[in-house]
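No value in this document is a laboratory result; all are computed from the given coordinates. Computed from a prediction, not measured in an experiment: that's the story for all the values here. Backbone-built Cβ (ideal geometry, glycine too); neighbour counts: all protein chains shown.
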Amino acid sequence: MKTRKFKITGMKEFDFSKVKDFKATAKVTHLSQKRQTYQKAIKEAIALHDVKEYYCEFYNESQCKDDSFEFWYK
């Protein structure tokens, strides 16, 4: 199962259609969780890009973990 992290205005629970609309107009970059936690990677990206809203999803389980993941932001 994928881990999903987001802060999108007006969205409190996951809503696929709102995420799709958000991704269509957002910028995207890749974050690495190779030598750090995903929380730290997200926190650094928020500070670096002055992020107000974001969305990302990735695998973060013992049997399957993404080294990097896409991070959409505004």
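A few notes on this one:
- Calculated Rg and Dmax of the chain using C-alpha coordinates, Å: 12.1, 34
- Within a straight-line Cα-Cα reach of under 20 Å, Lys52 can be paired with the following lysines, leaving aside sequence neighbours fewer than 8 residues apart in one chain: Lys5, Lys7, Lys12, Lys18, Lys20, Lys23, Lys27, Lys40, Lys43, Lys74.
- Note: relative contact order over the chain, using C-alpha pairs below 8 Å and six or more positions apart, is 45 percent.
- In the chain, helices alone account for a calculated mean residue ellipticity at 222 nm of -9000 deg cm²/dmol, with every DSSP H run of four or more residues adding -39,500 (n - 2.57).
- Whole-angstrom gap from the stretch 4-25 to the stretch 46-72, using each part's C-alpha centre: 14 Å
- Neighbours of Ala45, meaning other residues whose beta-carbon lies under 13 angstrom from its beta-carbon, give a summed charge of +3 when Lys and Arg score +1 and Asp and Glu score -1.
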